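The values are calculated or read from the model by the stated rules, or taken from the named source; none is laboratory data. Note that the coordinates shown come from a computational prediction; the quantities given were computed from them, not determined experimentally. Backbone-built Cβ (ideal geometry, glycine too); neighbour counts: all protein chains shown.
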Amino acid sequence: MEHEIYLDNAATTYVSGEVFSAMQPYFLAHYGNASSAHNLGREAEAAVYKARQAVAALINASADEIFFTSGATESNNWFIKGAIERSAVKRVLVSRIEHPSIMETVEYLGRHGVEVEYINVDEGGIISIPDLLSKLSKPTALVSVMTANNEVGTVQYINTIGKICRDKGVLFHTDATQAVDSITLDVKTMNIDGLSMSGHKIYGPKGVGALYIKKGTQVETFMHGGHQERGKRAGTTDVPCIVGFGKAAEITMRDMSINNARIRMLRDYLIREIEGRIPAVKLNGHRTQRIVSNVNFSFQGIEGESVLTLLDLDGICVSTGSACNSGTLDHSYVLDSMGVSDEMINGSVRFSLGRNTTKEDLDFLIEKLVKIVGNLRKISPIGIKGEL
């Protein structure tokens, strides 16, 4: 292809060169099992601890509050199931726009006697604080609200939610997978009891993540077997990937400010160009309270899948929603919960920018997108009504 432009960074990011270089020795030279008592094992254990410190620093936690997992899906499952198992109160609240790994987990719990309620969101994807307070009038074990939404990029007021939960004596968990690369998180000031994240969303390897569990929080062991992760999560330690995750966390802290400034300018440029050059479009998610990398638009009168396919033919990678759901044709429950019409949901496309995105990439995208949307609308039986 003449061009290959990757605008699906919310699904996954590439492994940065610094991260890859940090991982290599632990495949080839320092390959010991971190649970072994000999020298190679101690080298591996030391590398894992260094990574644990780096991940902890990213969210202002202590190293002994970080537990490595296979990714945020496992972390989400672990905290929610583990907290409910240890609680005498079998009731959980989650927002209506959580990632499927949260939604499927609470649906599972609901089938096993746990009361599940969903917190409403407004048209920008911000949860309703009055609805949260109303639902907290009943005894509740846990509230889980994601820091930033994976589809529309909306950022929640985590400080407010955390304080409410702390005042009510309710555990607060947040899936911060989409947020840790662009938002400074502090689990202490934000009153967070549990936080999930993944390495591959911050230019680290796939297959590794972490769960922060606040010291003293009672969460049941998720995987049984060996004594890895201080007896809380059995399984041979994936030293190379953990090292890579730690390095990615270190780089994220180091470069967040400069990366965010550049990506934010590109994001705002893309939004202005799409709204200025393509009629009958709708920006999904909160206009300002959103992560710097996310742009989600609905195009009236056409299918988002058609836009994705035609952009792909031009070497441009985008998404029509969460990558975990991209193999289905189901409506986006996120957009539906925000009150977006069925027609506009069908016409939604997500563009997620990254560290290697350039203005030239976006200019190429915009030229192609203008033509694609125009051509699709010419043959569309729906047409443009002019009402969004």
Count - residues of segment 1-29 that are more than 10 Å from Tyr203 (Cβ to Cβ) and assigned to a loop (DSSP other than H, G, I, E, B): 9
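With respect to Met256, determine if the residue is touching a strand residue (DSSP E or B) at 6+ places or on another chain (Cβ under 6 Å) and surrounded by 14 or more Cβ atoms within 10 Å (Cβ to Cβ). Full working, then the answer.
Values: touching a strand residue (DSSP E or B) at 6+ places or on another chain (Cβ under 6 Å): no; surrounded by 14 or more Cβ atoms within 10 Å (Cβ to Cβ): yes.
In short, no.
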Can you pull out the residues in segment 267-280 that are free of Cβ contacts under 8 Å to residues at least 40 places away in the same chain and surrounded by 15 or more Cβ atoms within 10 Å (Cβ to Cβ)? Ile271
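A quick yes/no check of all residues on (1) in contact with a Phe, Trp or Tyr (Cβ under 9 Å, 6 or more places away or on another chain); (2) part of a loop (DSSP other than H, G, I, E, B); (3) closer than 25 Å to Leu283 by Cα; (4) assigned by TED's automatic domain parsing to the domain that holds Leu211:
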site	(1), (2), (3), (4)
Asn77	yes, no, no, yes
Val92	no, no, no, yes
Ile97	yes, yes, yes, yes
Val106	yes, no, no, yes
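Could you look through segment 321-343, keep only residues that are among the aliphatic types (A, V, I, L, M) and at pLDDT 95 or above, and pick out the one that is surrounded by the most Cβ atoms within 10 Å (Cβ to Cβ)?
Per the stated criteria, the residue is Val334.
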Residue list for segment 152-180, filter: assigned to a loop (DSSP other than H, G, I, E, B) and either closer than 21 Å to Gly207 by Cα or touching a Cys at 6+ places or on another chain (Cβ under 9 Å) (or both): Ala176, Thr177, Gln178, Ala179, Val180
Going through Arg262, Arg254, Arg272 one at a time, which residue ends up being over 30 Å from Ala51 (Cβ atoms), out of contact with any Leu (no Cβ under 9 Å at 6 or more places or on another chain) and part of a helix (DSSP H, G or I)? Arg272
Listed residues Gly244, Gly339, Gly235; which is assigned by TED's automatic domain parsing to the domain that holds His99, on the phi > 0 side of the Ramachandran plot and of a type outside the set (Asp, Glu)? Gly235
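Those residues that are surrounded by fewer than 16 Cβ atoms within 10 Å (Cβ to Cβ) and either touching a Phe, Trp or Tyr at 6+ places or on another chain (Cβ under 9 Å) or within 27 Å of Met344 (Cβ to Cβ) (or both), I need them from segment 121-154; list them, please.
Asp122, Glu123, Ser128, Ile129, Pro130
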Take the residues in segment 131-151 that are part of a loop (DSSP other than H, G, I, E, B) and within 18 Å of Phe79 (Cβ to Cβ), then tell me which one is nearest to the chain's Cα centre (by Cα). Asn150
Only unsatisfied item for Ala61, checking (1) aliphatic (A, V, I, L, M); (2) closer than 18 Å to Ile213 by Cβ; (3) not in a loop (DSSP other than H, G, I, E, B), is (3)
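Rundown of residues vs (1) touching a residue at least 60 places away in the same chain (Cβ under 8 Å); (2) of a type outside the set (A, V, I, L, M); (3) within 14 Å of Glu250 (Cα to Cα); (4) crowded, with 19+ Cβ neighbours inside 10 Å, yes/no style:
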site: Asp167; (1), (2), (3), (4): no, yes, no, no
site: Phe172; (1), (2), (3), (4): no, yes, no, yes
site: Asp175; (1), (2), (3), (4): yes, yes, no, yes
site: Lys188; (1), (2), (3), (4): yes, yes, no, no
site: Asn191; (1), (2), (3), (4): no, yes, no, yes
site: Met197; (1), (2), (3), (4): yes, no, no, yes
site: Tyr212; (1), (2), (3), (4): yes, yes, no, yes
Consider Tyr6 carefully, then state whether it is among the aromatic types (Phe, Trp, Tyr), over 17 Å from Thr177 (Cα atoms) and in contact with a helix residue (DSSP H, G or I) (Cβ under 8 Å, 6 or more places away or on another chain). no
Out of the residues in segment 228-253 that are crowded, with 19+ Cβ neighbours inside 10 Å and among the aliphatic types (A, V, I, L, M), which is nearest to Gly71 (Cα to Cα)? Ile242
May I ask you to say which residue of Glu229, Glu220 is farther than 30 Å from Asn284 by Cα, acidic (Asp, Glu), at pLDDT below 95 and not assigned by TED's automatic domain parsing to the domain that holds Gly354? Glu229
Ile345 is checked against (1) in a loop (DSSP other than H, G, I, E, B); (2) in contact with an Asp or Glu (Cβ under 7 Å, 6 or more places away or on another chain) and fails just one. What number does that condition carry? (1)
Quick check on this structure: which one of Glu18, Glu65, Glu4, Glu43 is charged (D, E, K, R) and in contact with a His (Cβ under 9 Å, 6 or more places away or on another chain)? Glu43
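Can you tell me which residue in segment 292-320 is farthest from Ile183 (Cα to Cα), limited to those that are assigned to a loop (DSSP other than H, G, I, E, B), within 18 Å of the chain's Cα centre (by Cα) and at pLDDT 95 or above?
Val318
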